[in-house]
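Asks: Okay, here's the structure, questions in a sec.
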Amino acid sequence: MDAARTGTRARAKRCSETESSPERGPESLGAILRAWTATLDAIEDFISVHDWDFRIVRANRALARHLGCEPAHLVGQRCHWVFHGTEEPWPGCPHDRARRTETTATEEILDSCLGVPLQVRCSPYCDEAGRAVGTVHVARDITQERRRDAEREALIARLQEALAQAKILGGLLPICSSCKRIRDDQGYWNQIEAYIGERSHAEFTHGICPECAQELYPQWVGLRRSPSPR
């Protein structure tokens, strides 16, 4: 494993020396720059390069398209003005945090000026002397993730509500053996319809069963059973 890693480093070093060789002319360097630009423009995330003065050094086409301009129009402008319309950096700005710590910083940004929620990751980059001079700023649209999170939270809330309703009518219910009223937690006796109606989505309609009809209204029951005269 160590030998393989050493070989990989050696090949990378040779490639770096070849690319920086004085033998490469302006045309070759221009081709490399165009290739890198095409690569960045092929990425749908919003990518830009910022210096420590919060100025945009480079931007890909996806970012420019989202902002309604050409990439060249963003170069030289301060990022907080372009993204947020403010004179000062955004509170919790990941570029500012990366500038102070010289480590990668990630932040979720919710700002109506941007139009969409973004997850922003700022990674410091160095010059030829190895000094950190700015960050590569990668912003990813997380609208779909936010929508899925909201749907999941709504589903959890509905399930919790349904579970709470089910638990309310669980356990032992103290019910009068004569009038069939139910005693609640405060000690009051309630009609069974009121008790269950307040603790569930059930609704009641009232009729009368045959046994009770016979007991309470025997004269009417007899009339209904008598054959009608011809």
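Any read-out appearing in this document is the output of simple, stated calculations on the displayed coordinates, not a laboratory observation. These numbers were taken from a predicted model, which means no experiment stands behind them. Please note: Cβ atoms are built from the backbone with ideal geometry, for glycine as well, and neighbour counts cover all protein chains shown.
Asks: Please work out how much length the chain gains when fully extended from Thr143 to Arg131, using 0.36 nm per residue of separation minus the C-alpha to C-alpha distance, in nm with one decimal.
Replies: Details: separation 12, 0.36 × 12 = 4.32 nm, distance 3.56 nm.
Answer, rounded to one decimal: 0.8 nm.
Asks: Ok, one more. Between Leu155 and Ser123, what is 0.36 nm times their sequence separation minus the Cα-Cα distance? Round to one decimal in nm.
Replies: 7.9 nm
Asks: Any idea what % of Cα-Cα pairs in the stretch 126-202 are farther than 20 Å?
Replies: 62
Asks: With the dipole of the stretch 122-200 worked out from charges on the C-beta (+1 for Lys and Arg, -1 for Asp and Glu) around the Cα centre, which of Leu155, Ser178, Thr143 lies farthest toward the positive end?
Replies: It is Ser178, whose Cα lies furthest towards the positive end.
Asks: Can you give the FRET efficiency to the nearest 0.05 for Asp111 and Arg78, using r as the Cβ-Cβ distance and R₀ = 22 Å?
Replies: Values: r = 15 Å, r/R0 = 0.70.
After rounding to 0.05, the efficiency reads 0.90.
Asks: Please list, in chain and number order, the residues 5+ apart from Arg58 or on another chain whose amide H is under 5 Å from its amide H, with Hs placed from the backbone.
Replies: Val49
Asks: Taking every pair of distinct Cα atoms and averaging 1/r, then inverting, what Kirkwood hydrodynamic radius in Å comes out for the stretch 56-144? Write out the running numbers ahead of the final one.
Replies: Numbers: mean 1/r = 0.0734 Å⁻¹.
After inverting the pairwise mean of 1/r, the radius is 13.6 Å.
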